[in-house]
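Taking it in order: structure first as structure tokens, then the write-up.
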Amino acid sequence: MHLARTLRHLLALGSLACAAALPAAPVDDARAALIAGVDEVSAAIRERPKQDDLIVLLDTLIDKHFAFATTTRLAVGPSWRDFSEQQQSRAIELFGGLVIRTYVDRIAADTRPEIAYGTPVEIKPGRIEIPTTVKTGGQTYAVIYRLELERDVAPARWRVYDVIAEGVSLIANYRAQFDPIVKKSGPAGLLATLEAKLAEPVAAKTTN
């Protein structure tokens, strides 16, 4: 159970990672952007804001740091084409909110993981993965961040679209949850499920 909780925490932690201008050296700049983004989120958490304030804070960072349009599309899979444009926009909004809620629920204000960044690898043009090792709670975990370069904005930017913690992909994890819902109830069923999850109360946490 501890490992499962930790993996969910790592997947959530990676969900808020980086953005950067179009680089002269894409691989190096993506790595630098990832480091800066993780540091930014960690610093915000160490300020120990109240839970509701942390949710608002992370919500303001989400577009800057995470490519939720790509992540949601890949998590839904081929059924994404069955969503109307309005349903797609709503799914992206709800999925982003769900990941933030998961992050806030799992993270502790006094958590200060040690992260070692490995050599970036180009998956294909415009997509890079960066292996890392994360030490937290006396344990060490392998975490891979996958980033994409978005050229349709000015300036272009790198954003995380998937996180793989100990072999568990954020996208694959949610795909396994979404598939049966979409097959049974269609796009409307998935949206209703996401809305219901977000309507659940956030568990209260204490701070020092």
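The values are calculated or read from the model by the stated rules, or taken from the named source; none is laboratory data. What you see is a predicted model; the values in this text were computed from it and never measured. A quick note on method: Cβ atoms are made from the backbone with ideal geometry, for glycine too, and the neighbour counts reach across all protein chains shown.
Among the residues of the stretch 160-170, those that are touching a helix residue (DSSP H, G or I) at 6+ places or on another chain (Cβ under 6 Å) and either among the polar types (S, T, N, Q) or buried (at least 21 other Cβ atoms within 10 Å of the Cβ) (or both) comprise TYR161, ASP162, VAL163, ALA165, LEU170.
Could you check the stretch 96-148 and list, in sequence order, the residues that are β-branched (Val, Ile, Thr), surrounded by fewer than 16 Cβ atoms within 10 Å (Cβ to Cβ) and modelled with pLDDT of 85 or more? Walk me through it before giving the result.
Narrowing the stretch 96-148 to residues β-branched (Val, Ile, Thr): 99-100, 102, 104, 107, 111, 115, 119, 121, 123, 128, 130, 132-134, 136, 140, 143-144.
Okay, now just the ones that are also surrounded by fewer than 16 Cβ atoms within 10 Å (Cβ to Cβ), so 111, 119, 121, 123, 133, 140.
Of everything in the stretch 96-148, those that are β-branched (Val, Ile, Thr), surrounded by fewer than 16 Cβ atoms within 10 Å (Cβ to Cβ) and modelled with pLDDT of 85 or more turn out to be THR119, VAL121, ILE123, THR133, THR140.
How many residues are of a type outside the set (A, V, I, L, M) and either under 22 Å from GLY96 (Cα atoms) or assigned to a strand (DSSP E or B) (or both) when one looks only at the stretch 109-122? The total comes to 3. Annotation note: of ARG157, ARG151, the sole residue that is within 24 Å of ARG81 (Cβ to Cβ), at pLDDT below 90 and basic (Lys, Arg) is ARG151. On the basis of being modelled with pLDDT of 75 or more and among the acidic types (Asp, Glu), does GLU93 make the cut? Spelling it out, GLU93 is indeed modelled with pLDDT of 75 or more and among the acidic types (Asp, Glu).
Among residues of the stretch 167-196 that are free of Cβ contacts under 8 Å to residues at least 60 places away in the same chain, those with a Cβ under 7 angstrom from a residue that is buried (at least 17 other Cβ atoms within 10 Å of the Cβ) and not in a helix (DSSP H, G or I), sequence gap 6+ or separate chain, pair up as SER169/ASP162.
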